[in-house]
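To start, the structure under review is shown below, and the notes come after it.
Where a number appears in this text, it was derived from the coordinates with a stated rule and is not lab data. All values derive from a computational prediction rather than experimental measurement. As a convention, Cβ positions derive from the backbone with ideal geometry for all residues, glycine included, and neighbour counts pool all protein chains shown.
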Amino acid sequence: MSRKIRRIIGRNINIAVSRLLESLAYLPGMDRIKTSTYTVESPRIPSAFDGFSLVFVSDLHAHDFNRGHEERQILGKAAEALQPDLIVTGGDWIRNRYRGKDRDIITSLEKELAQVAPTVGILGNHETKLRHKQDVIDDLTQNGIVTLLDQSLFLVRDGECIKVTGVETLYHLGARKDKKLREKKLKAYFSKCRKAADDESYCLYLDGNRSFEKPDRPYMVLLAHRPELIHLYEKLGADLTLSGHAHGGLMKMPFGQRLIAPGQGWFPKYTHGCHQAGDMTEIISEGLGGPRVFIRPELVKVVLKHKPCFLHEESN
């Protein structure tokens with residue numbers, strides 16, 4: 001059997017298994033959206049952003065929460081109930097193709113989110129490898145969502161700002177045993193991410209005040225799809241990173257252990273929750289669609305809190 005035929009058979013088997021696991025997400029109770037809320041405190045968060053709330057939407061994979069009943073708008077209403085000041089998206093809107101019913105599901109959600117709050121996001125690995133990626137970008141733009149393609153923007157509120165940086169997903173690092181190739185790809189990816197973090201092309205004004213003074217190093221929220229590259233994101237100088245991709249580890253095992261995640265292998269570390277790397281916080285969403293067993297879809301809410309920096313004075 002030729003290598004090409006084996007590759008085609010393997011791909012079809014992967015798709016079949018993925019679709020089987022996706023179907024389990026429609027079992028009664030398994031597609032009820034849960035909400036996880038995190039509070040991130042830092043003296044680097046401007047006082048104008050004290051209490052500022054982000055809702056993170058990631059890894060939809062064209063999952064139809066409405067089941068064809070468009071008037072229900074389940075996911076849009078769930079996001080609205082969290083009263084976000086900004087919605088951020090983490091990519092992987094699609095499954096494998098972008099057409100027909102899947103495209104209708106995705107564009108409908110895009111419109112709902114943009115009506116709830118200003119929405120900014122990135123693309124995931126499923127969009128990165130898509131032949132017609134530009135169609136996805138065009139629909140996002142038309143429906144009111146700002147897509148950051150290795151770019152940054154300033155969020156401006158009451159004369160102060162924070163930076164949101166979006167990096168395009170590194171699709172494939174190569175085999176683990178080929179360390180030289182992986183290191184080469186990571187080095188090139190870091191260079192690209194560095195340029196994205198240094199970019200200062202856009203501003204999104206959240207109120208009528210359009211004048212602001214940019215600090216030397218603004219508080220940076222990084223949107224980066226792959227959570228296992230946490231130490232690379234720390235080196236970029238990010239303060240807060242929001243990631244998805246791992247689907248919560250695909251299956252929740254007894255005692256909470258997660259089974260497997262792309263890019264991490266068996267019993268992965270970075271699948272959900274809050275992680276720390278130096279001064280950087282990474283929050284990982286379990287996502288909304290795609291293959292999963294015993295893992296409910298998740299919306300993540302992050303509340304930023306300005307933490308005053310107190311000086312301790314010593315008297316002689």
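Charging the Cβ of each Asp and Glu at -1 and of each Lys and Arg at +1, and nothing else, the dipole of segment 42-115 about its Cα centre rounds to 260 debye. Modelled label positions at Gln115 and Glu213, each set 7 Å beyond Cα in the direction of Cβ, lie 4.2 nm from each other.
Each label point was placed 7 Å from the Cα along the Cα-to-Cβ direction; for Lys77 and Lys129 their separation is 3.6 nm.
Across the options Leu204, Gln257, His245, the greatest Cα extent toward the positive end of the charge dipole of segment 162-262 (unit charges at beta carbon of Lys, Arg, Asp, Glu) belongs to Gln257. Karplus-derived 3J(HN,Hα) values for segment 104-119, using 6.51 cos²θ - 1.76 cosθ + 1.60 with θ = phi - 60°, are 5, 4, 5, 5, 4, 5, 4, 5, 4, 5, 5, 7, 6, 6, x, 10 Hz; glycine and proline are entered as x. Partner aspartates and glutamates whose Cα lies under 13 Å from the Cα of Lys192, excluding those fewer than 8 positions away in the same chain, are identified as Asp150, Glu168. All alpha carbon pair distances within segment 44-152 were sorted into 5 Å bins beginning at 0; the resulting P(r) in whole percents reads 2, 12, 23, 25, 19, 11, 5, 3, 1, 0.
Each label was represented as a point 7 Å from its Cα along the Cα-to-Cβ direction; for Ser201 and Asp138 these points are 1.9 nm apart. Applying 1/(1 + (r/R0)^6) with r as the Cβ-Cβ distance of Val303 and Arg32 and R0 = 22 angstrom yields a FRET efficiency of 0.45. In this calculation the C-beta distance from Gln276 to Lys187 is compared with R0 = 35 Å, giving a FRET efficiency of 0.90. With a Förster radius of 30 Å applied to the beta-carbon distance between Thr39 and His231, the computed FRET efficiency rounds to 0.80. For segment 156-223, the set of chymotrypsin sites (Phe, Trp or Tyr not before Pro) satisfying both a DSSP loop assignment and a count of at most 16 other C-beta atoms within 10 Å is given as Tyr171. Count Lys and Arg as plus one, Asp and Glu as minus one, and take only other residues whose Cβ is under 11 Å from that of Glu228; the net charge is then +1.
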